[in-house]
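Input: a single structure, listed below in structure tokens.
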Amino acid sequence: MIVLRRLVRVVAALVSLAALVGVVRLVAPATGAGGEPPGVARQLAFLRAALDDGAGEDAQALFPEGYFFAHVLYGLARVELGMREPARREESSREARWALGRLESPAGLAPFSPELTPPYGVFHQGWTNWLRGGVLALQPAERRDPAEVRRFAETSAALGAAFDASATPYLAAYPQQAWPVDSTVAVASLRLHDTLLPPRFRRTIDRWLDGVRQRLDPRTGLMPHRVDPATGAPAEVARGTSQSVIHRFLPEIDPIFARQQYLAFRDQYLVTPLGLGPAVREYPEGLDGPGDVDSGPLLLGVSLSATVVTLGAAQRHGNHRLAGALANYGELAGLPVQTPWTKRYALGAMPIGDAFLAWAKTARPWVPDTTSQPTLSAGVPFGWRLPLLSLLVALGVVPWLPVLLARWRRRRTGPPPAEGGPPAGAGGSPPAGGDPSAGAAGPPPARGGPATDAAGLPPAGGGRPPGAAGPPAPVGPLP
């Protein structure tokens with residue numbers, strides 16, 4: 001019995017400790033607009049080791065761009081960490097170049113077709129060109145490698161020519177398949193070119209924006225998820241997985257149009273399922289659909305991948321309260337494991353997820369915003385944490401209820417009899433059928449005088465019980 005009570009207390013202590021850790025993760029800052037977001041450098045250290053151990057190849061087995069995304073997001077997060085912390089720029093440049101080399105390796109090119117325009121498709125060329133521009137952005141103009149500058153100018157020119165020659169704003173990523181998000185990344189890289197090098201793509205970008213505005217998804221007013229590759233007409237409703245990426249890059253192209261699109265996205269896709277924190281739907285409210293390799297399984301219509309990437313979109317738009325809420329929710333639900341050197345989520349089982357999260361947390365502008373727009377509203381209520389905090393407090397308290405109940409019962413019934421002692425009857429009465437005098441507990445004698453009977457007179461024998469030894473009674477006449 002004692003062992004069981006101790007086991008219950010140990011389990012209760014562990015559950016309460018887990019609840020306390022959850023409270024800390026829910027309220028401690030998990031991201032920020034400047035400096036290193038908490039834990040990201042250690043997360044990138046884990047990612048680099050995981051990529052060296054084959055995490056990119058493992059991700060490729062899960063979806064067609066797994067290898068590519070694992071490396072490009074690692075490289076981009078390194079660039080953005082270097083932009084945030086100048087002391088890290090040399091390390092960031094080295095690691096970003098390493099990632100860039102992997103994108104252009106046979107393994108990085110394998111899923112894509114060299115027959116497309118541009119070669120290997122707009123998905124590969126757009127993301128690669130954005131990372132290539134990021135490497136240059138980490139260096140002062142006078143110290144840039146001329147070969148890297150020339151390569152960035154050439155690949156940007158090839159992308160610009162492909163957009164200029166296209167009847168649609170959306171180039172193909174695979175044969176006969178086009179997704180607007182991929183072209184958005186590519187056009188953002190042209191805008192970055194015009195920031196780092198002499199501008200040359202203003203007309204291309206303006207024409208692209210005009211084409212986008214003419215082909216918005218009629219249900220949501222947003223850029224569609226998938227389009228007809230020949231005309232660019234919407235072929236699938238706007239979805240959270242692609243919207244979350246679009247809103248990371250669109251502010252680099254046109255901040256005013258981007259703000260309009262972002263607010264429409266936030267109004268239709270941001271939800272609080274069961275009232276337990278912010279999340280992002282894969283389909284707009286009122287419409288349900290199937291999940292896929294991009295969205296992952298949908299729980300109550302929510303896409304985990306879209307929720308993670310929206311953290312970066314919110315931060316890029318200056319929507320810091322929403323970004324912080326999404327980051328804190330991720331710290332609670334993502335099961336992070338930390339050491340002095342590394343940090344990983346989901347117990348390190350899915351490094352590709354760590355890559356997306358590190359990239360989201362480091363989000364910051366690459367192209368200066370010269371417009372003057374009002375600060376965005378929070379997007380989440382001030383007390384959004386309260387339901388989750390209440391659950392965590394309840395989780396920490398409930399395991400102790402059996403312990404507290406047992407203690408209350410012991411106080412009501414008194415302590416158990418001492419082992420080996422005589423059994424006690426109710427109110428101290430002797431056991432049935434035994435000697436009435438055995439074990440009977442009478443009131444103790446008054447201090448300094450003999451005990452008295454019910455009449456207040458001392459009993460015969462000086463108050464001693466029958467059979468007790470004592471001095472003989474005096475013989476003689478009574479006075």
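Here are the numbers:
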item	result
Fraction of accessible area attributable to carbon and sulfur, the stretch 215-365 (%, probe 1.4 Å)	62 percent
Stretchable slack from E104 to T272, in nm (0.36 nm times residue separation minus alpha-carbon distance)	56.4 nm
Phi to ³J(HN,Hα) by Karplus 6.51 cos²θ - 1.76 cosθ + 1.60 over the stretch 48-58, Hz, x for Gly, Pro	4, 5, 5, 5, 5, 8, x, 5, x, 5, 4
Accessible area in the full protein assembly, largest first, 1.4 Å probe, for T195, T370	T370, T195
Approximate spin-label separation A87-L300, in nm, with each point projected 7 Å along Cα-to-Cβ	4.2 nm
Accessible-area order (highest first, 1.4 angstrom probe) of the listed residues M350, M223, M83	M350, M83, M223
Phi to ³J(HN,Hα) by Karplus 6.51 cos²θ - 1.76 cosθ + 1.60 over the stretch 65-76, Hz, x for Gly, Pro	9, x, 4, 4, 4, 4, 7, 5, 5, 4, x, 5
Residue among W366, G82, H193 farthest towards the positive dipole end of the chain, charges placed on Cβ	G82
Dipole magnitude of the stretch 1-139 about its Cα centre (Cβ charges: Lys, Arg +1; Asp, Glu -1), debye to nearest 20	840 debye
Cut-off under 5 Å, modelled amide H: who pairs with E236 long-range	H225, R226
Electrostatic dipole magnitude of the chain [Cβ: Lys, Arg +1; Asp, Glu -1; Cα centre; debye, to 20]	1720 debye
Nonlocal amide H pairs with Y174, under 5 Å, H built at 1.01 Å	none
Gain on full stretching of the segment that runs from I2 to A378 - 0.36 nm per residue minus C-alpha separation	130.1 nm
Spacing of the two label points (7 Å from each Cα toward its C-beta) at Q260 and L335, in nm	4.5 nm
Computed over the chain, Kirkwood Rh from alpha-carbon pairs, angstrom	26.9 Å
Tilt relative to the chain, helix 401-413 - C-alpha long axis, 0 to 90 degrees, to 10	10 degrees
Where labels lie 7 Å past Cα in the beta-carbon direction, separation of R412 and V27 in nm	3.5 nm
Nearest-10 value in Å² for the accessible area of V337, using the 1.4 Å probe	60 Å²
Sequence-distant residues sharing a close amide H with L335 (under 5 Å, placed H)	A346
Solvent exposure of the chain as accessible area per residue, Å², 1.4 Å probe	51 Å²
3J(HN,Hα) from dihedral phi, the stretch 359-370, Karplus parametrisation 6.51/-1.76/1.60, rounded to Hz, x for glycine, proline	5, 5, 5, 8, 3, 7, x, 9, 10, x, 9, 8
Between helix 121-137 and the chain: long-axis angle, C-alpha atoms, 0 to 90°, nearest 10	80 degrees
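The values are calculated or read from the model by the stated rules, or taken from the named source; none is laboratory data. Just so it is clear, the model here is predicted, and its values are computed rather than measured. Because the Cβ atoms are built from the backbone with ideal geometry, glycine has one as well, and the counts that use them run over all protein chains shown. Only protein heavy atoms, including side chains, enter the accessible area calculation; ligands, DNA and RNA are left aside. Shrake-Rupley method; radii C 1.70, N 1.55, O 1.52, S 1.80 Å.
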